[in-house]
Amino acid sequence: MIYTVNWFRKDEAGNFVWPGFGENMRVMKWMIDRIEGHGRGEEHIFGVTPRYLDLHWDGLDFSTDQYVQVTSLDLQAWRDELKLHDELFEQLSHRLPQELVDTKDRLTQRLSA
């Protein structure tokens with residue numbers, strides 16, 4: 001399994017949306033739970049994301065609305081991002097594993113749907 005996070009996402013005012021470095025363990029615990037076969041989540045274009053209720057929020061005032069903001073996806077921004085990867089993939093094509101090309105192609109297809 002591969003996991004990705006964006007602890008540095010900012011809101012319209014330029015403030016970090018995630019509540020802070022010390023709260024990363026909440027997500028990391030979910031990752032371990034997934035690896036051990038009992039973590040839940042919901043499928044989306046990039047894979048599985050924990051739902052708000054899948055994380056432990058004890059001792060932290062972090063609302064469902066804040067969580068939605070930190071986990072939302074801007075599909076057009078991702079389409080634009082993948083277009084930027086085309087040149088790099090071409091430059092590396094002689095050494096690039098086919099699995100990486102296939103993964104990018106599947107992601108592009110899902111973003112186009």
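The values are calculated or read from the model by the stated rules, or taken from the named source; none is laboratory data. Nothing here was measured: the structure is a model prediction, and the numbers come from that model. All Cβ positions, glycine included, derive from the backbone under ideal geometry; neighbour counts span all protein chains shown.
Count, please, the residues in segment 20-32 that happen to be out of contact with any helix residue (DSSP H, G or I) (no Cβ under 8 Å at 6 or more places or on another chain) and at pLDDT 90 or above.
Filtering segment 20-32 down to residues out of contact with any helix residue (DSSP H, G or I) (no Cβ under 8 Å at 6 or more places or on another chain) leaves 20-29, 31-32.
When the remaining residues are screened for being at pLDDT 90 or above, the result is 23-29, 31-32.
The qualifying residues number 9.
Can you tell me which condition residue 36 does not meet? The list is (1) modelled with pLDDT under 95; (2) of a type outside the set (A, V, I, L, M); (3) over 25 Å from residue 113 (Cβ atoms), and all the others hold.
The failed condition is (1).
Can you tell me which residues in segment 50-63 are loosely packed, with under 15 Cβ neighbours inside 10 Å and either modelled with pLDDT under 95 or not in a helix (DSSP H, G or I) (or both)?
If the condition is that a residue be loosely packed, with under 15 Cβ neighbours inside 10 Å and either modelled with pLDDT under 95 or not in a helix (DSSP H, G or I) (or both), then 51, 56, 58, 59, 60, 61, 63 are the ones that fit.
What number of residues in segment 10-19 are of a type in the set (Gly, Ala, Ser) and modelled with pLDDT under 90? If you could, list the steps in order and put the result at the bottom.
If we filter segment 10-19 for residues that are of a type in the set (Gly, Ala, Ser), which is where we start, we get 13-14.
Those still in the list that are modelled with pLDDT under 90 too: none.
Looking only at that region, the number is 0.
To keep it simple, each residue is scored yes or no on (1) over 15 Å from residue 7 (Cβ atoms); (2) in the same structural domain as residue 6 (by TED's automatic domain parsing); (3) touching a Ser or Thr at 6+ places or on another chain (Cβ under 8 Å).
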site: 46; (1), (2), (3): yes, yes, yes
site: 51; (1), (2), (3): yes, yes, no
site: 55; (1), (2), (3): no, yes, no
site: 66; (1), (2), (3): no, yes, no
site: 84; (1), (2), (3): yes, no, no
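Return the total of residues in segment 70-84 being surrounded by fewer than 14 Cβ atoms within 10 Å (Cβ to Cβ) and in a helix (DSSP H, G or I).
Kept after step one, since they are surrounded by fewer than 14 Cβ atoms within 10 Å (Cβ to Cβ), are these residues of segment 70-84: 72-77, 79-81, 83-84.
Then drop every residue that is not in a helix (DSSP H, G or I), which leaves 75-77, 79-81, 83-84.
Qualifying residue count, segment 70-84: 8.
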